[in-house]
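Asker: Attaching a single structure in structure tokens format; questions to follow.
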């Protein structure tokens, strides 16, 4: 009878068992164990004690909202989460029973630069270097104060400070984001979407380019802060090794399919939805408008571009009104966009709205998108997730950043339209397609059902439990290597050095930015 056959012990397996039992598990240099079963029970890995968990994020409402949902899940698990972000969100955060810590810096000003000059154009880099030095200093200082006393730090990498703060505090560190930030051949970096498919080598290179450029812009300021405030030695991108950090992506695997070349500590969890529509009471006028559209058998759409800044808000409003009239649809309009870039006369009369357009200041997306036949928006990750979950075709007019990426994904999935240029003709045509194309509507409904079956918050918490020991092991290694001087590089543990050979694209480069 051959080894492994029923009834016969496999001597090789017994030998392996004996060898494993003799291992010295106290060796901290042994590779950490990664639990890769996404269906494993939380109880298998849940910490025995409650954790003080800080979530650090900056940006707009869409950057904060997923973390409120995650913190509520962590609260239900018995932990002590806090959310560190801009002061303007304090009331919103505390309304959900979550501890708030302030982080300085006006996100609207940075958004203005992104929209006005484009992401990482030469003019953008000049503006950041000349006007945002003080902004970054206050962001770094306040972030460190907000994170003190934590057992675990979860950060949006756009906040920039977390990986250094975790090193200073000696605590496990996770990253979480709404857009692709991890090197892969499957998709380009969310800030490097070109509108054309240049292949896997190009996609992979965009992450290397972005990381290098981002570090070059901020390195001198970061290292000065590390030395003066954190008591750490200067570092480099190679020493930080952010590619080794556990990463949680809070978008749906049915929208952005997890690439096969993601490392095992990179998890696509599903969206972290914060549903606030259940207790929300819509104005009677809005309900009457919706009911009238249904009685008239008219298609009803939502149009809103969040809080993005535009150069001529009056013109944008007029284009929307004209497109709605041309497409013969009814429209719920949420005019939240800012006119801070306006060079026109701001005292001019507002655009009059016809009876087919109803304006609202805001409404919970989980309630609102169930009422409409299609949604038009800027393509923010959270808004995109909400409209796709509702199962309605989604028209995206991106303005900057990851909005271009999600517009491309919506179009590739066949569940919406990527509106590259907004005119009366292009928007009216997109509205007609989204409200009448049965194939698109069927695909949107199918995708919505898949997303509604996901539980992104629960999956994320499960992933935190599974990868917590791995993150803690990185703390030990970084503690002995993160402050290594240039002359001591030979003493670094080679198991920590990340080397990846790409046969398709092998390039070395250095980027010097404006004297940084």
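The values are calculated or read from the model by the stated rules, or taken from the named source; none is laboratory data. Not measured: the values here are computed from a predicted model. Cβ coordinates were reconstructed from backbone atoms using ideal geometry, including for glycine residues, and neighbour counts include every protein chain displayed.
Asker: Just to be sure, is residue 461 modelled with pLDDT of 95 or more, outside any helix (DSSP H, G or I), under 24 Å from the mean Cα position of the chain (by Cα) and at negative phi?
Answerer: It is false that residue 461 is modelled with pLDDT of 95 or more, outside any helix (DSSP H, G or I), under 24 Å from the mean Cα position of the chain (by Cα) and at negative phi.
Asker: Return the residues of the range 323-355 that are modelled with pLDDT of 85 or more and either surrounded by 17 or more Cβ atoms within 10 Å (Cβ to Cβ) or within 26 Å of the chain's Cα centre (by Cα) (or both); say none if nothing qualifies.
Answerer: 323, 324, 327, 329, 330, 331, 332, 333, 334, 351
Asker: If you go through the range 397-417, how many residues are in contact with a strand residue (DSSP E or B) (Cβ under 6 Å, 6 or more places away or on another chain) and free of Cβ contacts under 8 Å to residues at least 24 places away in the same chain?
Answerer: 1
Asker: From (1) at pLDDT 85 or above; (2) more than 17 Å from the chain's Cα centre (by Cα), pick out the condition that doesn't hold for residue 117.
Answerer: Going through (1) at pLDDT 85 or above; (2) more than 17 Å from the chain's Cα centre (by Cα) one by one, residue 117 breaks only (1).
Here's the yes/no breakdown for (1) under 26 Å from residue 257 (Cα atoms); (2) modelled with pLDDT under 95; (3) assigned to a helix (DSSP H, G or I):
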| site | (1), (2), (3) |
| --- | --- |
| 425 | no, no, yes |
| 442 | yes, no, yes |
| 473 | no, yes, yes |
| 480 | no, yes, yes |
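Asker: Out of all the residues in the range 274-297, which are without any contact (Cβ under 8 Å) to a residue 40 or more places away in the chain and surrounded by 16 or more Cβ atoms within 10 Å (Cβ to Cβ)?
Answerer: 293
Asker: For the range 246-254, state whether one or more residues are within 30 Å of residue 167 (Cβ to Cβ), out of contact with any helix residue (DSSP H, G or I) (no Cβ under 7 Å at 6 or more places or on another chain) and either surrounded by fewer than 22 Cβ atoms within 10 Å (Cβ to Cβ) or not assigned by TED's automatic domain parsing to the domain that holds residue 389 (or both).
Answerer: Residues of the range 246-254 that are within 30 Å of residue 167 (Cβ to Cβ), as a first pass: 246-251.
From what's left, out of contact with any helix residue (DSSP H, G or I) (no Cβ under 7 Å at 6 or more places or on another chain): 247, 249.
Cutting the leftovers down to either surrounded by fewer than 22 Cβ atoms within 10 Å (Cβ to Cβ) or not assigned by TED's automatic domain parsing to the domain that holds residue 389 (or both) gives us 247, 249.
Taking every residue of the range 246-254 in turn, at least one turns out to be within 30 Å of residue 167 (Cβ to Cβ), out of contact with any helix residue (DSSP H, G or I) (no Cβ under 7 Å at 6 or more places or on another chain) and either surrounded by fewer than 22 Cβ atoms within 10 Å (Cβ to Cβ) or not assigned by TED's automatic domain parsing to the domain that holds residue 389 (or both).
Asker: Residues in the range 186-233 that are closer than 17 Å to residue 400 by Cβ and at pLDDT 90 or above: how many?
Answerer: 3
Asker: Another question, then. Could you tell me how many of the residues in the range 126-151 are surrounded by 18 or more Cβ atoms within 10 Å (Cβ to Cβ) and at pLDDT below 70?
Answerer: 1
Asker: Return the only residue of 399, 468 being crowded, with 17+ Cβ neighbours inside 10 Å and outside any loop (DSSP other than H, G, I, E, B).
Answerer: Numbers: 399 fails: outside any loop (DSSP other than H, G, I, E, B).
Going through 399, 468 in turn, the sole match is 468.
Asker: Pairs needed: first member in the range 173-188, not assigned by TED's automatic domain parsing to the domain that holds residue 256; second member anywhere, at pLDDT 95 or above and buried (at least 23 other Cβ atoms within 10 Å of the Cβ); C-beta distance under 9 Å; at least 6 residues apart or different chains.
Answerer: Note: no pairs meet the criteria.
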